[in-house]
Amino acid sequence: MVAMSTLAAAAGRADMLESFNFTGTLATPDMGDSTVTGSFTLDTSGAGSVTAFDFSTPIGTISQSAGWASSVTEYLPAISPPADIVEIFFKGEGGMALLFETSLAPFSGSTFYTGQVQLSPMASYVSSIACNIGPEGGCGLYGSLFTSGSATPVSTAAPEPRLSFLLGAVLLGFAAVLGHRPRKSAER
């Protein structure tokens, strides 16, 4: 019984993590490059979080190993446009904001938003990237808005979590039945 509830908890948790491949185009190229590509894994449970990310951008690599951090904020709804908005923000030697016109559950990466969004009475944001000159030279002074973008779900070869749970339950049932078989006597 305990094994089944543990399997059920793991199956429910797997549904909340989803990996995406991202491709975006910037309005202003830096050194001839206006493309942002990469991936991120989004945990849609609770307030949401990004559990892993790695992007190649005109300002360099944006990843946890490069010292960048991430945050997720959900606005239900934003002030303008009056729509649900998910902001995924990356901060390091600068910042990268990715806005999606969706809620966390269910999250849709095809709703990348490039217009201005008023998230609070005092704050408006756009999907953008910026880099500031840091104390050790940083990556230079650069900033650009995104003109397009999309985050597509990464397909995995792993079985569907509920199928794994069902298979585990069946195997536990067989083990229980086989463990209770009457044994033949050694005497003849």
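Our coupling estimate for the range 77-88, obtained by passing each phi through the Karplus curve with A = 6.51, B = -1.76, C = 1.60 and θ = phi - 60°, is x, 6, 6, 8, x, x, 9, 5, 10, 10, 9, 10 Hz, Gly and Pro reported as x.
Ranked by the mean number of other Cβ atoms within 10 Å of their residues, highest first, the peptides 68-79, 89-100 fall in the order 89-100, 68-79. Placing a pseudo-label 7 Å from each Cα along the Cα-to-Cβ vector at M122 and L141 gives an inter-label distance of 2.6 nm. Using the alpha-carbon positions of the range 2-153, Rg (one decimal) and Dmax (whole number) come out as 16.4, 58 Å.
For the range 2-153, the relative contact order works out to 21 percent when only alpha carbon pairs closer than 8 Å and six or more residues apart are counted.
Since every read-out is calculated from the coordinates, none of them should be taken as a lab result. Quick caveat: nothing in here was measured; it's all calculated off a predicted structure. Every residue, glycine as well, gets a Cβ built from its backbone with ideal geometry; the counts of neighbours run over all protein chains shown.
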